[in-house]
Amino acid sequence: METVKCLIVGGGPAGYTAAIYASRAGLSPVLYEGPEPGGQLTTTTLIENYPGFAEPVDPISLTGAMRQQALAMGADIRRGIVRGADLSKRPFVLSLEDGGEITGEALIIATGATAKYLGLPSEHKFRGMGVSACATCDGFFYRKKVVAVVGGGDTACEEATYLSGLASKVYMIVRRDVFRASQAMQKRVLENPKIEVLWNCNTQEVLGDASGVTGVRLRRNDGEVFDIAVDGFFLAIGHHPNSDLFREWVNVDENGYILTPGNSSHTNVKGVFAAGDVQDPRYRQAITAAASGCRAAIDAEKFLKEEA
């Protein structure tokens, strides 16, 4: 069985950055990218808020550059998918989709979080063409345009409020006749003249053409079906942290995010670290994921030195 100093699971900004730093520290990391190389970032359109780029950058190009930098530093990046883990003792054991196993003295979990979608075929069709799960990432492209936000919790209210500072109008599509959000967030939305709440509505279909999203078909709880014209459709119904493989061993919060106390990347398992969206329920940005990947690699390096 192959044994390495540092294993990294996840091929997004957090994982690639961890691989860069771990390589420079001489840890010879092996990184498994999983089913979605580049991570959730690749589902957005153009990126304008990543430092160092005067012009918008394509997410595939950005994550591809991160990957190439990690490779240039000496990281061993593999396309395999991890299907199981045993973190009961060191070295830690990862079971791979092809039936193989690999062990590591340190493990960095950077598996990210997956945005929850409604499951509509049209929603998938227009993903990256007007359908988004991140207002902070994509809202800039809808300045002075009309957008819709799906959801009734704090996240949806935050997204709608943020978008109202950019868009000419924001519809909030809420399936019930009340918000789930806090009173403070509700007040902020209801007092915003640019936000219109569509109560008791469910999305039936995202409408569009070759250029992208043009509208949304809604169904009220009383059976009425109607369309609204929008340029962007934002999902704000939550994220699912990709921590399932490791929950038997590492502590997670009520939503499944891996707990890393303070500003560290340490988990409750000695030698296991977490970085990126899998442990970040708040920011979920490429830059914060990359920063946490850096922290995880530095923490792993220090841990291995102390153990030696």
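The values are calculated or read from the model by the stated rules, or taken from the named source; none is laboratory data. No experiment lies behind these values; they were computed from the predicted model shown. A quick note on method: Cβ atoms are made from the backbone with ideal geometry, for glycine too, and the neighbour counts reach across all protein chains shown.
Details
- Single condition Phe140 does not satisfy, out of (1) in contact with an Asp or Glu (Cβ under 8 Å, 6 or more places away or on another chain); (2) hydrophobic (A, V, I, L, M, F, W, C); (3) under 30 Å from Lys187 (Cβ atoms); (4) part of a strand (DSSP E or B): (4)
- For the stretch 226-247, filtering for residues that are of a type outside the set (A, V, I, L, M), outside any loop (DSSP other than H, G, I, E, B) and under 27 Å from the mean Cα position of the chain (by Cα) leaves 8.
- Taken over the stretch 238-265, the criterion of being over 22 Å from Arg83 (Cα atoms) and either of a type outside the set (Asp, Glu) or not assigned by TED's automatic domain parsing to the domain that holds Val9 (or both) is satisfied by Gly238, Thr260, Pro261, Gly262, Asn263, Ser264, Ser265.
- In the condition set (1) surrounded by fewer than 17 Cβ atoms within 10 Å (Cβ to Cβ); (2) modelled with pLDDT of 90 or more; (3) charged (D, E, K, R), Asp154 is compliant with all but (2).
- Test for Ile102: is it touching a residue at least 24 places away in the same chain (Cβ under 8 Å), in the same structural domain as Val278 (by TED's automatic domain parsing) and farther than 23 Å from Gln279 by Cα: yes
- One residue from Asn192, Asn200 being modelled with pLDDT of 95 or more, at positive phi and either surrounded by fewer than 12 Cβ atoms within 10 Å (Cβ to Cβ) or more than 26 Å from the chain's Cα centre (by Cα) (or both): Asn200
- Filtered by the rule that a residue be at pLDDT 95 or above and of a type in the set (S, T, N, Q), the stretch 203-229 gives Thr203, Gln204, Thr214.
- Of the strands (runs of 3 or more DSSP E) lying entirely inside the stretch 40-126, those carrying at least 2 residues that are among the small types (Gly, Ala, Ser) and surrounded by 14 or more Cβ atoms within 10 Å (Cβ to Cβ) are 101-109, 113-115.
- Among (1) farther than 15 Å from Val147 by Cβ; (2) crowded, with 20+ Cβ neighbours inside 10 Å - the single one Gly208 does not satisfy: (1)
- Each residue in the stretch 130-169 was checked for being closer than 22 Å to Asp209 by Cβ and over 22 Å from the mean Cα position of the chain (by Cα), and 7 of them qualify.
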